[in-house]
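Enquirer: Below is one structure. I have some questions about it.
Just so it is clear, none of the values below were taken in a lab; they were calculated from the coordinates. Just so it is clear, the structure is predicted and the values come from calculations on it, not from any experiment. Cβ placement follows ideal geometry from the backbone for every residue including glycine, while neighbour counts extend to all protein chains displayed.
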Amino acid sequence: MKVITEDPANAETPLDVQRGIITPNDLFFMRNRFSFPEIEAPAWRLSVAGLVEQPVSLSYDDVLSMPSRSFPATLECAGNGRSGMDPTPEGEPWEYGAVSTAEWTGVPLHLVLEAAGLSEGVTAIVAEGRDSGVVSESRGEEPFARALPLDKALHPDTLLAYTMNGEPLPVTHGFPVRLLVPGWYGMASVKWLTSLRAIKGTFDGFFQIDRYIMREQGSDGPPRPVTEMGVRSIITTPRSGAAAHPGTHLVRGYAWSGAAPVTGIEVSTDGGNTWEHAEWTSGQARYAWRSWEFQWTADTPGPVEIQSRARDAAGTEQPKHSNWNDLGYCNNGIQTVQVTVIQ
Ligand SMILES: Nc1nc2c(c(=O)[nH]1)N[C@H]1C(S)=C(S)[C@@H](COP(=O)(O)O)O[C@H]1N2
Ligand SMILES: [Mo]
């Protein structure tokens, strides 16, 4: 792993170790605000309360005994690629490896919410994790908590996830139970989940109103919460800075989008002047990225800029540059890999 900070543990998956669609658990990127909470499964409870008819408290075994679903989904940190923004905003200096994919199993969240019975007028579910710490001088200590709008909370693909690639969730990824909000940036997938609270109106937690919001340059509107992952592709081979001899080389990478499956992938080896179709090497999936490859023939010695550009089934094309914002989120702009052709 490429370690960004030791404690809290923040680390990205080195791009060139990624193979196939699934990221092994021990290579899956990690994003943590605080130190890991250690939870004993038998002592853990999930409380479902707030504006509900019947508050519910679930044990780990209760969750395991409920109907479950499994599917692969890509999780990307909203700060992935922040170091590629110009000027570089404050925050963890992620390159392009704060994104990974796992096969998740869990209970559709709506089953648990329906068991508690949501009251009339509920607009969001506040999901809170066991981890906490001082978030700012004025606010003091707060847990990691996020409000999920009701429609997304009730979507059948939003899970209380308890396995990752067929194993119980590792401590580092939210044991015993986390939210899995597929298609959305990672901050929505609250780890070490301990409480779900049905609310009406707004939630003013630090990670809701001071972080994971878009304050776009030149826009006077109120900040928007960060939600769905933008359409994006990354190049995993070659590495930026690599040297290549004249001849044929394989360019490889991944593409994904929160809105819809990705259906188009193109590569440019002349800094974005001309584009050619690359080949998918995995099938279409609703929430998982797809792998692709492209045969590049290096000829004239000198510097070459390799880029990739994805398009999703909703018709959205990956932009050349994303909108710069002071917290450095949602950089789905095209990545440039610099390679030098040498004799
Ligand atoms: N409780 C809790 N949940 C959390 C976080 C956290 O710090 N605490 N970080 C969030 C962020 S910003 C991301 S990108 C994902 C990362 O999930 P991972 O560490 O399993 O890759 O977890 C989210 N859920
Ligand atoms: Mo994140």
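Enquirer: Sort out the exposed loop GluC sites (Glu not before Pro) in the chain (DSSP loop, at most 16 other Cβ within 10 Å) and tell me the longest stretch that has none.
Expert: In the chain, the maximal stretch lacking such sites is 138-343.
Enquirer: Restricted to Cα positions, what overall size does segment 2-211 have along the principal axes? Three whole-Å values, descending.
Expert: 48, 42, 30
Enquirer: Here's another thing I want to ask about it. How big is the charge dipole of segment 232-341 about its Cα centre, in debye rounded to the nearest 20, if each Lys and Arg gets +1 on its Cβ and each Asp and Glu gets -1 on its Cβ?
Expert: Using only the charged Cβ atoms, the result is roughly 320 debye.
Enquirer: Further, regarding this structure: Note down the magnitude of the dipole of segment 2-211 about its Cα centre, charges +1 on Lys and Arg C-beta and -1 on Asp and Glu C-beta and zero elsewhere, to the nearest 20 debye.
Expert: 320 debye
Enquirer: Each residue of segment 270-286 in turn: what ³J(HN,Hα) in whole Hz from Karplus with 6.51, -1.76, 1.60 and θ = phi - 60°, glycine and Pro shown as x?
Expert: 10, x, x, 6, 10, 10, 10, 5, 9, 9, 6, 10, 8, x, 6, 9, 5
Enquirer: LYS320 versus THR202, label points 7 Å from Cα toward the beta carbon: distance in nm?
Expert: Using points 7 Å along Cα→Cβ, the separation is 3.6 nm.
Enquirer: Right, another one. Give me, ordered by chain and number, the residues 5 or more places off ASN10 or on other chains with an amide H under 5 Å from its own placed amide H.
Expert: Here ILE4, THR5 satisfy the definition.
Enquirer: Which order, highest average first, do 324-331, 77-84 follow once you tally other Cβ atoms within 10 Å for each residue and take the mean per peptide?
Expert: For the peptides 324-331, 77-84, the packing ranking is 77-84, 324-331.
Enquirer: Which of the trypsin sites (Lys or Arg not before Pro) across segment 292-343 are loop residues per DSSP, with 16 or fewer other Cβ within 10 Å?
Expert: Of the trypsin sites (Lys or Arg not before Pro), the ones in loops of segment 292-343 whose Cβ has at most 16 other Cβ atoms within 10 Å are LYS320.
Enquirer: Need one word for segment 232-341: rounded, prolate or oblate. Basis is the Cα gyration tensor (sqrt eigenvalues a ≥ b ≥ c); a/c below 1.5 gives rounded, then a/b vs b/c decides.
Expert: Here segment 232-341 falls in the oblate category.
Enquirer: A further question follows. Grab the other residues whose beta carbon is less than 13 angstrom from that of ASN165, score K and R as +1, D and E as -1, and report the net.
Expert: Neighbour charge sum, excluding ASN165 itself: -3.
Enquirer: Restricting to the chain, compute how many DSSP beta bridges are antiparallel as a %, nearest 5.
Expert: 95 percent
Enquirer: Can I ask one more? Sum -39500 (n - 2.57) across every DSSP H segment of at least 4 residues in the chain, then divide by the residue count to get the 222 nm mean residue ellipticity, nearest 500.
Expert: -1000 deg cm²/dmol
Enquirer: While we're here: Using Cα pairs closer than 8 Å and at least 6 residues apart in sequence, work out the relative contact order for segment 169-254, in percent.
Expert: Contact order relative to length: 20 percent.
Enquirer: Could you list ILE199, ILE306 in order of exposure, starting from the residue whose Cβ has the fewest other Cβ atoms within 10 Å?
Expert: Neighbour counts put them in this order, fewest first: ILE199, ILE306.
Enquirer: Any chance you could check the Cα centroid distance between segment 4-81 and segment 199-274 for me, in angstrom?
Expert: Using only Cα atoms, the two centres lie 21 Å from each other.
Enquirer: Another question, if that's okay. I need VAL135, VAL99 ordered by Cβ neighbour count within 10 Å, fewest first.
Expert: VAL135, VAL99
Enquirer: Moving on. What residues qualify as long-range amide H neighbours of THR158, i.e. H under 5 Å apart, gap of 5 or more or another chain, H built at 1.01 Å from N?
Expert: LEU109
Enquirer: Oh, and also: Can you give the % of DSSP beta bridges in segment 196-343 that are antiparallel, to the nearest 5?
Expert: Just about 95 percent of them are antiparallel.
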